[in-house]
Amino acid sequence: MGTAHVKFKTRDFLMGYSKADKTESHDRIVHVAAARFRELGVNGIGVDGLMKEAGLTHGGFYRHFSSKEELISEAIEKALADGSQKVVEASGKSKDLRLDTLVNGYLSRLHCEDLANSCAVTTLAADVLRSNERARSAYTRQVEAYLNLLVGLIQGEEKASRKKAIAILSTLVGALSMARAVNDPKLSREILKSAIRELRSEKE
């Protein structure tokens with residue numbers, strides 16, 4: 001009786017450990033995919049590459065996801081949620097955060113070059129357009145989060161501030177996208193600096 005009880009407890013412990021280990025592996029795959037999809041696009045890396053970077057075998061993929069499409073949806077949500085968390089953190093410091101500081105940071109060379117850790121609203125826009133409703137809903141929530149943050153940084157009536165926030169966010173995303181796409185470093189810098197100047201002049 002006592003021995004059976006010990007065996008049961010041991011089995012319970014191992015099952016619990018196995019479940020925790022599976023959750024940790026699942027999260028690691030999603031984290032890797034979120035970074036690589038931002039950097040390379042959802043078609044820029046296959047399951048083999050993602051699993052290898054996560055330190056797992058290809059054969060283990062289907063213990064976590066029913067298909068690559070499921071991983072894509074979850075990774076896009078993760079990438080956008082990371083951006084949302086940064087928005088929340090910035091909002092918490094809204095008394096110190098200034099619109100020009102946000103613009104300068106978003107259109108900085110550092111942000112432009114660091115694709116794997118950059119804003120998914122820019123890096124994943126084209127992929128989300130061709131994705132499913134789950135991914136598009138996550139993208140929509142993140143756009144709204146950015147707009148709410150910007151409205152809070154803009155002085156003036158709420159309706160006018162929202163229109164201006166949409167124009168600012170569109171400029172940020174568009175300028176960053178073009179600056180990354182061109183293969184002329186000088187033109188890339190010119191795009192970023194021009195957008196910063198334009199947004200600064202609108203503020204004044």
(message) How much length would be gained if the chain were fully extended between residue 53 and residue 182, taking 0.36 nm per residue of separation minus their Cα-Cα distance, in nm to one decimal?
(response) 43.5 nm
(request) Starting from the Cα of residue 19, draw a straight line to each of the aspartates and glutamates and keep only those under 15 Å, dropping any in the same chain fewer than 8 residues away. (result) 27
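Tell me whether region 24-143 comes out rounded, prolate or oblate; compute the Cα gyration tensor, take square roots of the eigenvalues as a ≥ b ≥ c, and use a/c under 1.5 as the rounded threshold.
On the way: a/c = 2.10, a/b = 1.95, b/c = 1.08.
Prolate, since a/c reaches 1.5 and a/b exceeds b/c.
Provide the FRET efficiency to the nearest 0.05 for the residue 70-residue 144 pair, computing r from the beta carbons and using R0 = 30 Å. All intermediate terms of the calculation are to be shown ahead of the outcome.
Details: r = 25 Å, r/R0 = 0.82.
Step by step, r from the Cβ atoms, then E = 0.75.
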(request) State the percentage of accessible surface on the chain attributable to carbon and sulfur atoms; use a 1.4 Å probe and exclude ligands, DNA and RNA. (result) 55 percent
(request) For the chain, set up a Gaussian network in which alpha carbons nearer than 10 Å are linked by springs, and say which option among 125, 160, 179 fluctuates the most. (result) 160
(request) Roll a 1.4 Å probe over the protein chains and send me the accessible area per residue for the chain in Å². (result) 60 Å²
(message) Rounded to the nearest 20 debye, what is the charge dipole size of the chain about its Cα centre when +1 sits on each Lys and Arg Cβ and -1 on each Asp and Glu Cβ?
(response) 200 debye
(request) Would you kindly calculate the mean projected area, averaged across all directions, of the convex hull enclosing the Cα atoms of the chain, in square nanometres? (result) 15.8 nm²
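The values are calculated or read from the model by the stated rules, or taken from the named source; none is laboratory data. Computed from a prediction, not measured in an experiment: that's the story for all the values here. Heads up, the Cβs are rebuilt from the backbone with ideal geometry, glycines too, and the neighbour counts pull from every protein chain shown. The area values use the complete protein model at the heavy-atom level, side chains included, leaving out ligands, DNA and RNA. Shrake-Rupley method; radii C 1.70, N 1.55, O 1.52, S 1.80 Å.
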